[in-house]
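Trainee: Quick one: this structure, given as structure tokens, is what I'll be asking you about.
The values are calculated or read from the model by the stated rules, or taken from the named source; none is laboratory data. From a predicted model like this one, the values you see are computed outputs, not experimental measurements. Note that we place each Cβ from the backbone using ideal geometry, even for glycine, and neighbour counts take in every protein chain shown. Surface accessibility is based on the protein's heavy atoms, side chains included, excluding ligands, DNA and RNA. Shrake-Rupley method; radii C 1.70, N 1.55, O 1.52, S 1.80 Å.
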Amino acid sequence: MSQEGIISFQDVSKSFGDVQAVDGANFEIKRGEFFSLLGPSGCGKTTLLRMVAGFEMPNSGEVFIDGQPMSATPPNHRPVNMVFQNYAIFPHMDVRGNIAFGMRKSGLSKIDLNRRIDEILELIKLQGYGKRGAEELSGGQRQRVALARASGWILTSMARRSGPGSWACSGASTPRSGWRSGGEIGRASCRERV
């Protein structure tokens, strides 16, 4: 595990009965890297994500987040968020409430929290939608709200540091072993434009 690694899988395996979903996965996600898991249904993509979030435990191996082993850390104490495939947003909250949800424990003042939510709404092109409920949004709008809720800190930090559109990214997809059905890992290295 390198100093740059934020998430690391070391010899991680997970099976469900006779089905081996993940078999000896070894890889690392570095800071500043956009990372994607690609592959057919059943190759272990969701299982890997669920193990990072703590919703599944590996049968063997270890998942590390920021250098710390996560096997004894419950999901609600892990420094991660997860956006599910159905883009579920909280139906009892409006758009602003959904985005604010992950940032409320931060200790921000109400003024600073509202300022950050405004920045995120602008970044995801949903200014004026803050008071709308889930049923008043299209599927794409719900997806953007779910992503904003899960990554609000990152989005505001990137926007404030550099302004929208000022990041340069390049990427590649590489086949990896340890997956039941030949999944791939996509990496994108991102840096600020100067």
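Trainee: Tell me which aspartates and glutamates have Cα within less than 18 Å of K14's Cα, excluding those fewer than 8 residues away on the same chain?
Mentor: Answer for K14, where 18 Å is the Cα cut-off: D23, E28, E56, E62, E184, listed by chain and number.
Trainee: Hey, another quick one. Placing unit charges on C-beta atoms (Lys and Arg positive, Asp and Glu negative, everything else neutral), compute the dipole magnitude of region 1-86 about its Cα centre in debye, rounded to 20.
Mentor: Details: 6 positive and 9 negative charges, 50 e Å.
Roughly 240 debye for region 1-86.
Trainee: May I ask you to derive the FRET efficiency for E136 and D11 from their Cβ-Cβ distance with R0 = 45 Å, giving the value to the nearest 0.05? Intermediate results must be reported in sequence, preceding the final value.
Mentor: Values: r = 47 Å, r/R0 = 1.04.
Approximately 0.45, to the nearest 0.05.
Trainee: What spacing in nm lies between the two simple spin-label points modelled at R31 and S109, each 7 Å away from Cα in the Cβ direction?
Mentor: According to this spin-label approximation, the distance is 2.9 nm.
Trainee: Let me ask you something else. Considering only protein heavy atoms and a probe of 1.4 Å, how much of the accessible area of region 4-116 is carbon and sulfur, as a whole percent? All intermediate terms of the calculation are to be shown ahead of the outcome.
Mentor: Values: 3420 of 6350 Å².
Carbon and sulfur together cover 54 percent of it.
Trainee: State, in angstrom, two size descriptors of region 1-82 derived from its alpha carbons: Rg to one decimal place and Dmax to the nearest whole number.
Mentor: Rg and Dmax of region 1-82, Cα atoms, are 12.2, 37 Å.
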